[in-house]
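Reviewing the structure listed below.
The values are calculated or read from the model by the stated rules, or taken from the named source; none is laboratory data. Computed from a predicted structure; not experimentally measured. In this analysis, Cβ positions are derived from the backbone assuming ideal geometry, glycine residues included, and neighbour counts consider all displayed protein chains.
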Amino acid sequence: MKKIDHINGIPLHYARLTNHPYGTRGEQREFLIEESFLRILENALQEIFEHCPLGIPELITTAGIFVNKPGQHKHGKAFDLDAIFWQEETLVTLNFIHQKELYLGIESFLRKHFGIVLNYYYPNHKDHWHVDTSVPVDFNQTSKSETLYVQLALKYIYNEEILIDGLWGRQTSGAVKEVFGRLGISTPITTKANYLQFLDITGKVAFKLYEEKTSPIHLLSNLTDVIEALPQENRISVREALNSFLDHEETSTWLHDFEEETNLDQIIGSVITS
């Protein structure tokens, strides 16, 4: 075991306390970690921030590494990632709904290094990623966590109309075949080399989409997604208030001047040929 308070020079903070609640920058802490797992984590974060358009962050908050509970945490071989703070941007994992591109870009690269990655849609993991190396990196159609990731990438990165349920079926299989064709990747996805290629391309495409999708139309779409995720008793009143805003003549005229200019095929082409 090794005691650390930073990774690759990036400070590690803890933000799960009353005076340092979740979603804040918290306070720097020391954590125990198994050394071979640390090397994998260092390599993963290095690759993420080499490709992320935001660059190296100011700090990372974690919910824990060595923790006295069942699983890989008790061996110091698991990492719970809460949030990443750059100077002018913050990714809080609980905010997946309106940070989809940045979130999925990071997760794609995490999956190149960790066989287990539990995300926002996996039960009890909305507020953090859990990563560990208890299984090898590959794609298994019976894995709920891996299928959830693929479905999220298909829907929110490649615009496939698909149900996100964590179950591998005909719809998911068909969408994978179509997207792999667009990306120039051989099938099946269960071949490790094909899966890794998908992760690499998807991570880079997601980061480029994050850079480009900043128009008011896209931000409004994010807001709509947040509203639809609210409990029903809150959702109706907020949705009605938003519709009143959108139906206003001046608002409608203003929004009409904006168009989504993102060309997904062009982005894919630039990633594949780079």
Exercise for the section: Read through the list (1) among the β-branched types (Val, Ile, Thr); (2) under 28 Å from GLY203 (Cα atoms); (3) surrounded by 14 or more Cβ atoms within 10 Å (Cβ to Cβ), then give the number of the only condition that VAL238 fails. Expected result: (2)
Fill in the blank from the handout: Per the filter on the stretch 133-158, residues surrounded by fewer than 16 Cβ atoms within 10 Å (Cβ to Cβ) and touching a strand residue (DSSP E or B) at 6+ places or on another chain (Cβ under 7 Å) are SER134, VAL135
Practice task
Test each condition in (1) out of contact with any Leu (no Cβ under 8 Å at 6 or more places or on another chain); (2) more than 20 Å from ALA153 (Cβ to Cβ) for LEU242 and report the one that comes out false.
Solution key: (1)
Exercise for the section: For residues that are of a type in the set (A, V, I, L, M), under 12 Å from ALA63 (Cα atoms) and surrounded by 17 or more Cβ atoms within 10 Å (Cβ to Cβ), tally how many sit in the stretch 1-26. Expected result: 2
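Determine, yes or no, whether LEU152 is aliphatic (A, V, I, L, M) and not in a helix (DSSP H, G or I).
no
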Fill in the blank from the handout: Among residues of the stretch 253-264 being out of contact with any helix residue (DSSP H, G or I) (no Cβ under 7 Å at 6 or more places or on another chain) and part of a helix (DSSP H, G or I), the residue modelled with the lowest pLDDT is HIS256
Exercise for the section: Go through the stretch 161-235 and tell me which helices (runs of 4 or more DSSP H), entirely inside it, have 3 or more residues that are within 21 Å of LEU94 (Cβ to Cβ), in contact with a helix residue (DSSP H, G or I) (Cβ under 6 Å, 6 or more places away or on another chain) and not acidic (Asp, Glu). Expected result: 192-212, 216-228
